[in-house]
Every structure is written in structure tokens, then in C-alpha cells.
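The values are calculated or read from the model by the stated rules, or taken from the named source; none is laboratory data. Owing to the predicted nature of the structure, the values given are computational and were not obtained by experimental measurement. All Cβ positions, even for glycine, are placed from backbone atoms using ideal geometry, and neighbour counts span all protein chains on display.
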Protein chains: 4
Amino acid sequence: MNTLGTLFRLTTFGESHGPALGSIIDGCPSGIPLERERIQTALDRRRPGQSSITTARSEADQVEILSGVFEGKTIGTPIAAIVRNTNQRSQDYDRLKNVDRPGHADAVWRERFKHRDHRGGGRTSGRETLCRVIGGAVAEAYLASALPTVRTVAWVAQVGNLVSAVPEPGLTREQVDAHPTRCPDPVVREEMSQRILAAKEAGDSLGGSIDVRVEGLPVGLGEPIFGKLKALLAQALGSVGAVTGVVWGPPDLLSRIELTGSVFHSQKDTYGGIQGGLTNGEPVYLRVFFKPPATLAEHAKGGRHDPCIMPRAVPVLEAMVSLVLADLSLQMNARPHSA
Amino acid sequence: MNTLGTLFRLTTFGESHGPALGSIIDGCPSGIPLERERIQTALDRRRPGQSSITTARSEADQVEILSGVFEGKTIGTPIAAIVRNTNQRSQDYDRLKNVDRPGHADAVWRERFKHRDHRGGGRTSGRETLCRVIGGAVAEAYLASALPTVRTVAWVAQVGNLVSAVPEPGLTREQVDAHPTRCPDPVVREEMSQRILAAKEAGDSLGGSIDVRVEGLPVGLGEPIFGKLKALLAQALGSVGAVTGVVWGPPDLLSRIELTGSVFHSQKDTYGGIQGGLTNGEPVYLRVFFKPPATLAEHAKGGRHDPCIMPRAVPVLEAMVSLVLADLSLQMNARPHSA
Amino acid sequence: MNTLGTLFRLTTFGESHGPALGSIIDGCPSGIPLERERIQTALDRRRPGQSSITTARSEADQVEILSGVFEGKTIGTPIAAIVRNTNQRSQDYDRLKNVDRPGHADAVWRERFKHRDHRGGGRTSGRETLCRVIGGAVAEAYLASALPTVRTVAWVAQVGNLVSAVPEPGLTREQVDAHPTRCPDPVVREEMSQRILAAKEAGDSLGGSIDVRVEGLPVGLGEPIFGKLKALLAQALGSVGAVTGVVWGPPDLLSRIELTGSVFHSQKDTYGGIQGGLTNGEPVYLRVFFKPPATLAEHAKGGRHDPCIMPRAVPVLEAMVSLVLADLSLQMNARPHSA
Amino acid sequence: MNTLGTLFRLTTFGESHGPALGSIIDGCPSGIPLERERIQTALDRRRPGQSSITTARSEADQVEILSGVFEGKTIGTPIAAIVRNTNQRSQDYDRLKNVDRPGHADAVWRERFKHRDHRGGGRTSGRETLCRVIGGAVAEAYLASALPTVRTVAWVAQVGNLVSAVPEPGLTREQVDAHPTRCPDPVVREEMSQRILAAKEAGDSLGGSIDVRVEGLPVGLGEPIFGKLKALLAQALGSVGAVTGVVWGPPDLLSRIELTGSVFHSQKDTYGGIQGGLTNGEPVYLRVFFKPPATLAEHAKGGRHDPCIMPRAVPVLEAMVSLVLADLSLQMNARPHSA
């Protein structure tokens, strides 16, 4: 359904061409400093049109907080925030009314729900991810109070067959955001830019992967069996539209699993910060794979086109990770080791 | 926590050296044929000691159904089934009382829950997976009635750096089970066997991957946003102990994402049977990565040792997939397209 | 928390003096006719200021649908609807900033959540019930398609010690709404009116009870054990602010339980339409008790005052019942008797 | 479904004439002292056959703990406990195979689930309540550690039209258990005994009410809106088979609601310990109404017959209240007022 989490819960709503999209965050404790600006800043990082390598759509995406915050702090009630769709005319898409876009879920969605909303993907549009970013911004406001050492940073690790070097620990979001590719490798990212521009001109698209690293975590975050940290991260990240795989572990994990156990277990960071489903106090590593987006130029002429969504997906993945961490942090509060 | 699913729900309990392990399956409709033998057969496929390449532990693992079944059919009430731990003496492990086994979650678990059960991993033991197999057997009994064309088959696709050829469609569990490696490739599996035996003798271990294919699915299975089929599969599979990654798509997906979109989207089976989070009617493909198990010979002398858990994990992954499909099938019943 | 239901789920948000209140309804099937007008009409029935016996606050309460509806039908995505607080100045309440209103939860709420919103009760205000009415209107749109014979009608059965005669089967909402007391007894309601006016002038208040009757139900609605119809109704109705008791059964049930079993079980309608936790096909009866509201004149001078909230609570209780029925209807779809 | 609670969760299973009934308690923190004896003692209080006024069935009801406890303490894993049905022959009931017992849910249950278990009510039997008592015993073990001042005591307040005097604060379970009626009023209980014996001889039955009082609660227990303490208590208590109504407030609450607000709100204990849905630090009062049981002599000849189930229901209601309090206590841990 449209709700994620047990104690820190995100519920999202909204179609890409309806009146508005929005999020309800239920379960955030009271007394957490939360300004509208924090959410707006997070949304601005997701916004398209920030550079020549992303889509040209100008989406204002101004967030309005409707509840849950008073005098700059949360009050323990559900936090509702919405973003109006200013660019709501769907004429661009009218001509798609009876056309299933290749590579899109249109046919599947119509088969299941019959009454398809043909306006630009409706609920299956990537625009839905802004609701996740709102939720993530609130989760990070909470984590800043509850677990102030936690730092979640994601970056573009692969575009097509171009692979970034693994960045040093301590990488910041500012450093990642400094380049439109959101790849921290100063050499590879220039080539990535060119590759993305070429794909754009050719009406083509590119996939790849994003890496996520979380530093400063306490030991023991996670719940047994089906609520393991890695299981919840897998669900949260796997729910993002174009994601097609998730690996828990350092960037070279898929090579490491070819090693014998005696070698594997002697490697540094080899558990990716998770043992027995719980954080072990070391940085958590994730690698998230993306398929190339489906909207090709010929079908998107009237609509708009993002040749490589990964730079914009970086803050979306950070948001999903923060939502899971906030939820597990509350769950650990609930059941301290020995009551 | 220890419950998975929304409408078809599995709750598991039990430590590896306590009196018993077991499962409650809540939400299975009434009138489904379900014999004890079906569950026992499923457990037998997971049992160790079936060949020289798996652990020598002899675990009887006799299942007893405590509720929910009457005269060979489900009656709509919770189905409870347990397996006694016949081999309950934990002297073998007593010497581990104050020793954290390297590569195990012992230290992390103790930090979080303080009162650690030192008896062979307790709840974090791989023995916990028998509860999943019980749940999966019930889910498959349900699917046999509700979606009789569905066939879920998993196989060992990689051991260390040895990679199986992709089997033809229509592969059966019987064919997979015909070889102790559970690899269907007649050439590679012999080499896998030797590699596993060598690891066993060396007190070493091996990881790799398992592939899962589901054939005969209807269109539209899955729920929007956080309940997408791929998100729920990721949680279910990611909750299995040694799993360290999940990819949705055909076996060569990680190579395909290096392609441009125009090429990627023109490939056969490239969506792995899932679009917009819902089944599209084609076979669903999954690749699940495993790290090498941690119990090395020197620590496991008194305990027991599985050099490569993947052959035994095959029925566990099939169970997790079937549980997710049963849950989503009930959810699709609940909300037929147009009420 | 702020979500009710398993498959048909209502999530509410909003404080009485924040920017807006609203509801997300998740799980409503697609293809259900739903016009804004249906929700607005439901809200209008809850609105104060409709007669001299209710509070004089003029609350416009104009609903806006933000998502989930396209061309007059639901599309299977979450339905979000909000109501702006037009009368948002909280100066009236500023003077209450450091005063706990007697009979209100102010002190308790502040102790728990520390950062109390002093603006007129915030989230504990009766204004929160408009979110329930929105949810109920959507639930009734769904029921109109799925279970078209269902008719849920509530009425004021008692004010102070004045008790209404039990109305005949077939009573309609129009008949109930025809009098400002929402009591269908043509004699007693006149006395009720006078009693309420007298309380208003005296700055006093009155409690009593509301009866609910649901006609046209199918057999078998409800889930076993903790999801029994009566358990879910109890939670849903018990969650309404001023409700202080719920009885399942005909209006005279509390007298009937003094009878011996042989007499009790031979009475007509004695099961109130519920047996074994499921509907038995007969009308469902509920009696819901209300304590007198707490806002007394001296404290409410600046704020506003409802001497008897029950006439306005009638549509709120109907909404809660409809939400439970919609949820159980979807659950019964999911698990038809014999799969 | 068959699970209650958000963080402290009870899942129950078992039919009255199947192999066993049992409970899984998930979410109990580790390190809580819990001996088998505590659960057995709780079950013994529920057991029939303790006096001439209850049913003569001899049910051993020996509990076995299968998991979650090690060396006398909980270890943070799910606690599973079962009770075998020693008296499993269902010949007594065979003759009922095609007979719907009047006043029972047999017909309704068969209509919904088709494949009815005719053996003595199956899952709808009162025997199901022993699972609740197991859960309650674990909840009380937890509360004894987490909120050691809490005391939950229930007693029989009414049988037929005989009404007990309200006992003094500080009443203990031992005092209640001292008389087979579990009514603390030394005069009325003798008359109750005679009334129950007479009903037994006549093959008749009696209903009434049970009062529950919880002393020693902290301020602030409960969650907003749909998770209000009174809403969760209503669901938990309303889920018990014969319960037909719940009132939150002191024993005379239904008289008090006839008073004007100014009088009502000046009374002692008038809020029943709950304001705004949260505990206010005063004792919580509940009144729970029961209809007379349905099994009349002529139908129960082969089976067994309890003329008045309320004395045995006393520990069941205490269990339900303790389960709700344990769950809300964990939820309050999770979200301390100001994070």
C-alpha cells in the first residue's frame, strides 16, 4: 500500500497531473526542530532542470506544511506537507490517452486497475518520489536530534559502463552536489556528463548504480527476522520505480562473494555494517542498481525526458534510508535491551 | 519483527537449541487441501545431511500440525505447526558461552539484547529458516488452489566463481533436486561439488548466488508504491540470514544495465516479469546473492559446519517467494479492478 | 496512531488552528463514482451553526480533493482531501496559553508530549472529527457499489435523562436530519431542544447516547478473534473524543442481560445482528454513550461552546461504522469462504 | 485477524478440539523474569471445574513454553507457549455435526467459512480465551518490570439483576478469588451463588457485568486518535466472545451521563482515569457487559455447560487489559515526549 514503517510512518498520495502530491509523517516525536525550509531544501535537491543533463521541466515544487508543526517544532501529531502541481495541464499527454508507452507500466496498470489515469503516468510517475523526499527530510530532522552522529550520503557510482572510484570516508552531500552528475570521482564524472548529454541528444537513456554509505550509526539498530535492517532497506529502496537490484556491502561485494569464506571474512568492511540483521557500529554500505529509464524521445516529444535519472535519485535513496533508520531508532527506543 | 505479510501472514518463533521452532500462518482461506505430508516433504528438502556436501547434522525435523487443519483441509483459522529440537543438548556450544564467533552476529546481538542465548546462535541460527519453509509449504498449498499455473523454481546459479548456464524454461524442482548442488548445469555442478568438498575439508566455506524463476503468473499482482512486488520480494529475500543482495531481472541483468535504454528496452525478458511494481504476465526472475557462511572449522569443531549453504537455501528462497505471492494474491482478490 | 483499518485505511491529520485538516483514504478500489459533492454534503451534516442548539461558530469547511479521483471516479490510488481552517486566528485562545481548561485533556497532553499546542485543543479538538466524516463519505461511496443494500442510520437516543422511543425499521437520515436534535421521536425531541437551549443559556452542557442501526448487511462480515465486527466497531467508535461507552445490541440490551439465558435467547434481535463476531444478516444495533462536553461558559467565552455535541456527532458515528464495514467488506473479498 | 497489538503483539491459534492451542508473544523485551509457573498460575485461574458453580469439565491445561525464555528470563525473541487438548475426543460433539446450536454462531460461521469445524465450536469456543490468558501473563511479567506500580484487578459486578457494591480501592486478586463467584461483595455474592446454581439445575444461564480497575498507572499512556487507550481497550475487550458492551468510567457512569456537565465534571473519578485518550494518573475504570451464554442443557447434554461464565472471564479481561497496557507502554518508550 502507500504507507511505509511501523512507528515512524510515511503515507504518500498524489498523481503527477492531479491537483497535488503530499506526505503524512506519523509517529515523529514532539519537540523536534523542523522548519519548512529544511523540507524545501531537500525537495530542491530532487528537482529537475538544475542542469543541462537533467530534464528541462520547470517544477516549482513549493512545499506547504499543513499540520504537525507549531512555532518551528514538531508537536507529536501527524506532519502533513503538500506540493501543488502548478503545471497541471495534461494536454501534452492527451494524445497518449490510448497509447501504451513502451517500457512503461501502462498496460499492466490498466489491466489491474482498469480506470487508468493517462496523464503522464499518474501515480507511477517518478514525480511520486517527491513525497519520499518530504518524508526523508522529516526523518533526518528527527535523526539530527536522536542520533546526531548519523550521516547518510549517496552518490552516482555507475552510468552505463562508466564506474566511479570509491570515495574516501567522510564524503559530504555538498561534495556530491558540486557536480551535476552527483558522481564524486573528478575524472569519471566528466565522461559521465558527456555520455548523458549524448544520450539526451539521441533521445536515448542510461542506467547504472548509486552507492549509499551511512556513517556514525550506533550498534544494534534493526529488528529480528523480517525486520532486519537489510530487509527493511531492501523493501524501501526496492520500492523506488527504476531500482532493479540492491546489494548490502562494500562497493566490491559482488566480487568478494567469489572468495572463500576464510578470505572473505578477513576483509575490511566486508559485512557492510550489518551483522545478524543489526548495525554493528561500522559504516553501512549499499549499492542500488537502476535500469535505463523508458521514456524515449519519440514518445516523449510532448512530455519531458530525463536521459539519466540517477543524479536526481540520489536524494530519493538518502530519504528512503533515513526513513528506515528513523523507524528502527524508535523501535530500539521501545525495547531497550533489558527492560 | 517476526511476522511477514498483510493478509497471508507468517509468524515464526523458536531458537536453535530451545524446545521447538514453529510457524503460525494466519489468513489462509478455508477449504484448501493441506496434508501434514506436504509440509514434511518441504522440510525434508531443506534438511541437512542429505549428501556429503552439506552438514552432517542429523536433524529429524518432524513437523506436527497443531491447528487450522481438519480432515485434510484448512478451516480458515490460524495454522500452527512446530518442529521439536530433538538434538537439544547444547553442551557442544557451552564452551562458546563467552566466545563471540568471528563473522557471527554474536557481539552485536549481545549488545542489543544483553541476555544472549549462546546455544548455537539461538534465534540467529540458520535453523530458523525451517519456519519459513513451513510457511512456504502452506502458501504453495494455497497457490495450488488459487493460481494453479504458478510454478516457482530456484536453483544454485553460482558457487564461488563457478557460474551455471541459464536453464531452459520449464525447469522443475525435481530436476534441480536431482543433484546435491541443486545446480541444473550438468557440467558446472560437478566442479561445484568438488569445490564444496574441498572447502569442507579445508574448514573453509563458499558463497555465490541462487536464481529464482516464477512461471505462470497472472497480470497485475502487486500493490502500489511500498507494496510493489519487487519491494516485498526484496524484504522477504533480504530477511534470509546470509543473503547480501537481490536483483530483479534476468540472470544477466547487471550486464544489461550497462546498455543504453534503446537497447535495454528492446531485449527479451528485460523487465524480469515486473513493470510498475506489478507482474506483467511474463516469468519473474530474481537473482539472490549469498556471502560465504562464517562458521569456520576451528570454531565449529564441537558444533557442525556447512561449507556452502546455498543448496539448502534453495527451498527457503522458494518459500519466501511463495509467501509474498500468496499475500499479494489475497490482496488482489480484495480489490478487483473495478468494484 | 492516526491510521485506522487494514485494507480500507483512513489516515487523518491536522490541528484545529493549524493551516488545514485532512484525510488520506488508502485502499479504495478503482472505478467507484466519487464526486466532491458527496464529501461536501457529508461535511455539511457535521458542520456547527446549523441551528440555535449548536455552536455559533461559522466554519466554512470546504473540502478539496487532492488526489485519487479522476473524471468522477476513483482510480485506485490514495484519495487525499483537505479542509482549510479559514478561521485560523488563535488570539481567542492565546489567553488559554498557560491555563489548563478543566475537563479537558490539556494537562495530560502536555505531560506526555511536552510541546502542547494551546490553540483550542489542537489535535484533541472535536474539529478532528471532520477527517473521519471525509473518510466515511468515501467508505459510503465504496459501499454503495459493493454492498448497495447497506443503510447505516444513527440518531440521538438520549439527552440528559430524556430518552427517545425506538424508531421503526427503515428510518432514513433525512428523517433524522429533519429536526435539529437529530432525535426521531416527535415528542421527546421538543423537550430535548428546550433542555439543550437551557443548558446553553446556563453555560452548561448535556450528554446522553446515540443509537446506530445498520440494515441490509450480508452474512459473514467480520474477521476472527481480534478482528470481530464488534471489536473493530468498539475501537472505531471508542476513538471518538467524548464517547464513554459502546453496547452492541438492541436499545434495551442492558435490561435484557438481566434476563436468564433461556429468555434472553428467545427474544427478537437479541444478538444485535452479530454472532461469533460476524454479521448474521439481521440489522446491526449499537448504542454509544457520550459524557457531557467539558467546555463551560466561563472558560469558553473567547472560544465557542457546544452545549450538546450529540446532534453533530450523528454523522461522525455513521462515518466510523461505514469505515469499519468497508474494511471488512474488502477483507471478505480477499478470503471468500472456500478458495 | 488473530494478532493484537503494535509493539507487544499477541498471536493466538488453536481449536477447542484440535491437538493444541497456543500463543506467540512478539515484542517482549529481553531480560524480563518469566517462569513457566507464572503462566500456569494464570491459566489455573481461568480453568473450569474449580467449584460447583462452573462447568465440570476437567481440563488439565498444562502450559509448555517452546521458545523465547532461557534460564528464567526472556531473551527478546518470540515467546511461544502451548496447551495440549488432552480431552480431544469429539464424539460428544459428533451428533452436533449437522445441528446448528441455537444462540451459537454455527450457522454464521459455516456460511462464511463453509468448512465448519463442528467439534465444540472450534475456534469460536470459549476455550480460545486461554490463549489470551497466556498473553496476559507475559504482559504482566513485562509490566512488573517496566511499570511495577500497576495493579489490574477485575471482579464480577453483576449477575442477572444482582449488583455488587463497589469495592474499596486496593482490592486484590486474592480477595476476588476467595469466593467462587469472584464477586467481592460479601452479601450479594452468596445470593449470586444460589442464583447460578439454580440456573445450572434448570439448564439455564446468566449474564451480567465485570468491572475492571487499574491502579498505579503513569500519566500519558495511550496514543492519539485511533490508538487512544479507550479505543484499544474497547477493541481488546470487545473481542472477547460473550462481551456485549464496554463502558469507560466509574461503575455508576451510565447514571452520571444524565447529569448536566457542570455537575458531571465536578464529580470524583468521573473521567475513569482517561482524558484525551491518555491515562491521567488516576485509576482507570471499566465496566464490561456479558450476555447469558447460549449453551442450554438440552443441547449440551453430551458437551458441557457453564451457567455463568463471568467468574472465569475475570482473568481473561485482566489479561486483555494488561496486553493493551504493555503495548502502550512500549509505544510510550518509543516516543518520549521530547526526543
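When C:ARG36, C:ARG9, C:ARG45 are screened for being in contact (Cβ under 8 Å) with a residue 60 or more places away in the chain, away from chain B (no Cβ under 14 Å), surrounded by fewer than 24 Cβ atoms within 10 Å (Cβ to Cβ) and not aliphatic (A, V, I, L, M), only C:ARG45 passes.
Just so you know, in the range B:210-231 the residues that are within 19 Å of A:LYS291 (Cβ to Cβ), touching a residue at least 60 places away in the same chain (Cβ under 8 Å) and not β-branched (Val, Ile, Thr) include one that is surrounded by the fewest Cβ atoms within 10 Å (Cβ to Cβ), and it is B:ARG213. Scanning the range B:200-227 for residues that are assigned to a helix (DSSP H, G or I) and either at pLDDT 95 or above or more than 23 Å from B:ALA157 (Cα to Cα) (or both) yields B:ILE225, B:PHE226, B:GLY227.
For the range C:85-109, a residue qualifies if it is surrounded by 18 or more Cβ atoms within 10 Å (Cβ to Cβ) and either in a loop (DSSP other than H, G, I, E, B) or modelled with pLDDT of 65 or more (or both), and the qualifying residues are C:ASN85, C:SER90, C:LEU96, C:ARG101, C:GLY103, C:HIS104, C:ALA105, C:ASP106, C:VAL108, C:TRP109.
Here is the figure for the range A:240-259: residues that are outside any strand (DSSP E or B) and either hydrophobic (A, V, I, L, M, F, W, C) or within 28 Å of A:CYS308 (Cα to Cα) (or both) total 12. On inspection, A:VAL263 passes the criterion of being facing chain B (nearest Cβ under 10 Å) and in contact with a helix residue (DSSP H, G or I) (Cβ under 9 Å, 6 or more places away or on another chain). Across the range B:60-78, the qualifying residues are those that are touching a residue at least 40 places away in the same chain (Cβ under 8 Å) and over 16 Å from D:ASN85 (Cβ atoms), and the one among them that is nearest to the other protein chains (Cβ to nearest Cβ) is B:GLY76. Comparison of C:THR129, C:THR152 shows that the only residue that is out of contact with any His (no Cβ under 6 Å at 6 or more places or on another chain), in a helix (DSSP H, G or I), in contact (Cβ under 8 Å) with a residue 40 or more places away in the chain and among the polar types (S, T, N, Q) is C:THR129.
In the range B:285-307, of all residues being more than 19 Å from A:ALA231 (Cβ to Cβ) and at pLDDT 95 or above, the one that is surrounded by the fewest Cβ atoms within 10 Å (Cβ to Cβ) corresponds to B:TYR285. Restricting attention to the range C:216-249 and to residues that are at the interface with another protein chain (Cβ under 7 Å from one of its Cβ atoms) and small (Gly, Ala, Ser), the residue that is nearest to C:ALA146 (Cα to Cα) turns out to be C:GLY220.
The lone criterion from (1) over 23 Å from the mean Cα position of the chain (by Cα); (2) surrounded by fewer than 24 Cβ atoms within 10 Å (Cβ to Cβ) left unmet by A:PRO180 is number (1).
Of everything in the range B:314-339 that is surrounded by fewer than 24 Cβ atoms within 10 Å (Cβ to Cβ) and touching a strand residue (DSSP E or B) at 6+ places or on another chain (Cβ under 7 Å), the residue that is modelled with the highest pLDDT is B:HIS337. With respect to the conditions (1) in contact (Cβ under 8 Å) with a residue 60 or more places away in the chain; (2) of a type in the set (A, V, I, L, M, F, W, C); (3) within 14 Å of another protein chain (Cβ to nearest Cβ); (4) surrounded by 24 or more Cβ atoms within 10 Å (Cβ to Cβ), B:LEU147 lacks only one, and its number is (4). Test each condition in (1) in a loop (DSSP other than H, G, I, E, B); (2) within 22 Å of C:VAL246 (Cα to Cα); (3) touching a Gly at 6+ places or on another chain (Cβ under 6 Å); (4) of a type in the set (S, T, N, Q) for C:GLN158 and report the one that comes out false. All conditions are met except number (1). Scanning the range D:17-74 for residues that are of a type in the set (Asp, Glu), modelled with pLDDT of 95 or more and over 20 Å from the mean Cα position of the chain (by Cα) returns D:GLU35, D:GLU64. Evaluated against (1) without any contact (Cβ under 8 Å) to a residue 40 or more places away in the chain; (2) facing chain C (nearest Cβ under 9 Å); (3) surrounded by fewer than 24 Cβ atoms within 10 Å (Cβ to Cβ), D:ALA198 falls short on exactly one condition, (2).
Considering only residues in the range A:260-278 that are more than 18 Å from A:VAL166 (Cβ to Cβ) and assigned to a loop (DSSP other than H, G, I, E, B), the one that is nearest to the chain's Cα centre (by Cα) turns out to be A:GLY277.
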